[in-house]
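Here's the structure we're looking at; comments come further down.
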Amino acid sequence: SFERWLGDVLPADLHARVAATHDTAYWDEADQAAIARLPGVSHVEWRRLAGLRMDALREPVELIARPVRGDGPVTRLPLVAGALEAPGGPEPPVWVSEPVADLYGWRVGERRELPLAAGRWPVRVAGIWRDYGHPSGAIVLSLADYRARTGDLAVNQAAFWLEPGVEA
């Protein structure tokens with residue numbers, strides 16, 4: 001299951017992260033455009049990572065805003081429950097890792113709230129996914145939904161697909 005997870009979560013040829021901190025380093029829109037035009041790069045998938053404090057007594061949960069549900073070439077998540085399709089309702093869908101489901105009791109179809117953009121944002125749990133990389137939990141949200149809610153266009157992680165024949 002680890003190999004399947006690795007292929008689903010990190011399918012690109014190369015991955016880069018600006019820094020381990022979430023808010024102090026990022027690529028802005030000009031940086032993203034310049035990077036996407038690099039020779040040998042066929043596609044870049046941008047992500048915004050941020051720590052969410054769901055409970056003052058626990059470690060932060062990792063928010064991963066990335067393309068999901070057809071808004072990018074890679075829409076896979078190693079789901080153990082639910083689906084990539086939105087569960088219905090006006091709330092944006094999220095996909096939570098098994099630790100979030102276990103630690104916070106989140107279940108598919110439930111309406112919950114994320115502490116995001118100086119407030120609490122209602123979301124609907126669309127699925128639960130297997131995650132070996134975030135022991136305190138992670139929540140995936142569509143990058144488009146994240147940007148619509150926060151106005152934050154910066155990113156701090158990228159996945160690169162190279163053109164055929166280009167060496168990493």
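The values are calculated or read from the model by the stated rules, or taken from the named source; none is laboratory data. Note that the structure is a prediction, hence the values are computed from the model and not measured. Neighbour counts run over all protein chains shown; Cβ positions are idealised from the backbone, glycine included. Just the protein is used for accessible areas: all its heavy atoms, side chains included, with ligands, DNA and RNA removed. Shrake-Rupley method; radii C 1.70, N 1.55, O 1.52, S 1.80 Å.
Brief remarks on what is shown
- Of the accessible area of the chain, computed with a 1.4 Å probe over protein heavy atoms only, carbon and sulfur atoms account for 52 percent.
- Over the C-alpha trace of the range 101-168, radius of gyration and Dmax come out as 15.7, 47 angstrom.
- For the range 31-117: Kirkwood Rh in Å [reciprocal of mean 1/r, alpha carbons]: 15.3
- Extent along principal axes [Cα atoms of the chain; Å; largest to smallest]: 46, 35, 30
- Computed over the chain, the per-residue total of -39500 (n - 2.57) for DSSP H runs of n ≥ 4 gives a 222 nm mean residue ellipticity of -5000 deg cm²/dmol, rounded to 500.
- Charge-dipole axis of the chain as Lys and Arg at +1 and Asp and Glu at -1 on Cβ define it, positive-most pick from TRP106, VAL155, ALA168: TRP106
- Accessible area per residue, Å², the range 67-168 with all protein chains present, probe 1.4 Å: 45
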